[in-house]
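To keep things clear, I will list the structure first and then write my remarks on it.
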Amino acid sequence: MSTIIDLTHSLEPTMTVCPGHPPFTCCPLPALLDIGISLHTLSLGSHTGTHIDAPNHFLSHQNALSVDQIPLPTLIGPALVIDVRYKKPRERITWEGDLKRYESKMKEGVVVLLCTGWSKYWRQEIYIDHPWLEEEAAKNIISRGVRVIGVDTLSPDEMPASRLRGASGGCHGQVDGVEEGEQCFDVHHVVLDQGGVIVENLNGLEALLTIEDPVVSLLPLRISGCDGSPVRAVGWSARDLADTTARIVS
């Protein structure tokens, strides 16, 4: 029996959202409840929960692909899961110190996933204090043909602490090179400028470290012209492909 690993956070009103993004709501339509039908109205941003950033996420990327134009094979493929759980809060992930040893496995069609272990802090203030990928490391990954980088954090870039915690967060001033209220998008530009895709807020990447030849599916909703979409991210072992039954792990 093959094992399908769920790598997705549940969408719920109390979930973490990026600063400035709309909250998630899921509301029943009372009129239909009266006739015995359950139907809900969903309200969410295109970058809510476990989601992908399409190349057209930034207005400066003219003629870039929208989420419905990304070739599906780009989002299904072998995963190189890199264990960086030893990183401390707000510590950078570097090419020389952390990633270069894996460069022989970085190639076209491979999905690079950075496992920081930070998904365990989902819905907590510390979630914004995640380790982050340095720009030079992102350039090295992309230069080797990789077009999908996924993280189990709010962003591959460094986030200003005050942006999520707000006035009551008690974190002010400069934090590891990023001014309060200032957002860094260096890695986003490196990846998206090359037509790549970023996957954020993945959940439980640690489970992929325990299987051989991991494969992931990161398929978005087909929303015409949109800059991102929630995904139902899942992973499995390529060695299990011949198995016609599956066991779901979430």
Tell me, ILE128, ILE149, ILE82 in order of fewest to most beta-carbon neighbours within 10 Å? ILE82, ILE149, ILE128
Length-normalised contact order of the chain, Cα under 8 Å, at least 6 apart, in percent, tallies to 32
With springs connecting C-alpha atoms under 10 Å apart, model the chain as a Gaussian network and identify which of SER224, SER38, SER119 has the largest mean-square fluctuation. SER38
Once normalised by the length of the stretch 60-165, the mean sequence separation of its alpha carbon contacts under 8 Å that are 6 or more apart gives a contact order in percent of 32
With a cut-off of at most 16 other beta carbons within 10 Å, and DSSP calling the residue loop, which trypsin sites (Lys or Arg not before Pro) in the stretch 94-125 qualify? Please list them. LYS107, ARG123
Under 5 Å between amide hydrogens, which residues at least 5 positions from GLY109 or on another chain qualify, with H placed 1.01 Å from N in the peptide plane? ARG147
Sorting check: for 136-145, 206-215, 228-237, which peptide has the highest mean count of neighbouring beta carbons within 10 Å, and how do the rest follow? 228-237, 136-145, 206-215
Return the sequence-ordered ³J(HN,Hα) values of the stretch 73-84 in whole Hz as given by the Karplus equation 6.51 cos²θ - 1.76 cosθ + 1.60 applied to θ = phi - 60°, using x for Gly and Pro. x, 4, 9, 10, x, x, 10, 9, 9, 9, 7, 10
Around LYS120, under 11 Å between beta carbons, what's the net of Lys plus Arg minus Asp minus Glu among the other residues? 0
From the phi angles alone, apply the Karplus equation (6.51, -1.76, 1.60; θ = phi - 60°) to the stretch 40-52 and give each ³J(HN,Hα) in whole Hz, x where the residue is Gly or Pro. 10, 9, 9, 10, 6, x, 6, 10, 9, x, 6, 8, 10
Interchain or long-range residues, amide H under 5 Å from GLY150's placed H: VAL112, LEU113, LEU114, VAL199
Rounded to whole Hz and in sequence order, give me ³J(HN,Hα) for the stretch 94-111 from the Karplus expression 6.51 cos²θ - 1.76 cosθ + 1.60, θ = phi - 60°, writing x for Gly and Pro. 10, 5, 5, x, 10, 10, 4, 5, 9, 4, 5, 9, 8, 7, 4, x, 8, 9
Summing +1 per Lys or Arg and -1 per Asp or Glu among the other residues with Cβ less than 10 Å from GLU108's Cβ gives +3
Neighbour-count order for THR153, THR94, fewest beta carbons within 10 angstrom listed first: THR94, THR153
Using Cβ counts within 10 Å as a stand-in for footprinting exposure, how do CYS27, CYS184 rank, fewest first? CYS27, CYS184
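Just so you know, all these numbers are worked out from the coordinates, no wet-lab data involved. Computed from a predicted structure; not experimentally measured. For neighbour counting, all protein chains shown are included, and Cβ atoms are generated from backbone atoms with ideal geometry for every residue, glycine included.
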